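Some notes on the structure that comes next.
The values are calculated or read from the model by the stated rules, or taken from the named source; none is laboratory data. Being a predicted model, the structure only gives us computed values, none of them experimental. Positions of Cβ are backbone-derived with ideal geometry, glycine not excepted, and every protein chain shown enters the neighbour counts. Ligands, DNA and RNA are stripped out before the accessible areas are found, and what is left, the full protein with its side chains, is counted by its heavy atoms. Shrake-Rupley method; radii C 1.70, N 1.55, O 1.52, S 1.80 Å.
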Amino acid sequence: MAERDRGDEVRPSADEAITELYAAHWTGLVRLAWLLLRDDLAAEEVVQDAFIAVHRRWDTLREHQAAAAYLRRAVVNGARSGLRHRGVEERYLTREQQGGPTAYARHTEASAEDRALQSETTTTMIGALGRLPQRQREVLTMRYYLDLSEAEIADALGISPGSVKAHAHRGLAALRDRMEATS
């Protein structure tokens, strides 16, 4: 049920607001997370965690209209955290493989689902985008996939609009060079 704000403005309840935000932004946020993580399950988990965080903090948000921007920032931060965790896991598995078989009998071969997903996602552009530095990849993904403005991207990443322009310019130049090299 909606509640009245101090200025007699009617604010939706956390449940109502999250329902509306979910309907409007779930798909785009999962796509953003997937482009950053390239993992379906991890992307959905990151987005779900972002919605839970917004729901928990709904009453403490100063500007409820900025909830979508808060969600984007939470998704980007969650994706970064996921990438850091993945790096730790990969370094561990590499050490385990170099040291011979383990008592845990780790199975590191890709599953059929992973191979199918890889074959689908290895288009030239996605591959080239994936080789960009993290910040350039984030800026280009948010700009051209989510169609966000420079100001919205700057807010989501916690950087200045000038940095957004610089990262976009460098990222596009690198993509152009890589695409020309493959043709």
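By the scheme Lys and Arg +1, Asp and Glu -1, what is the net charge of all other residues having a beta-carbon under 11 Å from that of residue 175? Provide the component values of the computation, followed by the final result.
On the way: positive: 131, 137, 170, 176, 178; negative: 177, 180.
My count for the surroundings of residue 175 gives +3.
What accessible area per residue comes out for the range 137-183, rounded to a whole number of Å², with a 1.4 Å probe? Before the final figure, lay out the partial values.
Working: 2600 Å² over 47 residues.
Result: 55 Å² of accessible area for each residue.
With θ taken as phi - 60° and the coefficients 6.51, -1.76 and 1.60, list the Karplus ³J(HN,Hα) couplings across the range 79-90 in order, rounded to whole Hz; mark glycine and proline as x.
Here the 3J(HN,Hα) series is 5, 4, 4, x, 5, 4, 5, 4, x, 4, 4, 5 Hz.
Points 7 angstrom from Cα along the Cβ direction at residue 125 and residue 63: gap in nanometres?
Reported label-point gap for residue 125 and residue 63 is 3.2 nm.
Semi-axes of the equivalent ellipsoid of the range 8-85: what are they in whole Å, largest first, if each equals the square root of 5 times a C-alpha gyration tensor eigenvalue?
On the way: eigenvalues 118, 27, 17 Å².
For the range 8-85, the ellipsoid semi-axes come out as 24, 12, 9 Å.
Once you have the Cα-Cα distance between residue 180 and residue 112, take 0.36 nm times their residue separation minus that, and quote the gain in nm to one decimal. Please report the intermediate quantities before stating the final value.
On the way: separation 68, 0.36 × 68 = 24.48 nm, distance 3.21 nm.
Answer, rounded to one decimal: 21.3 nm.
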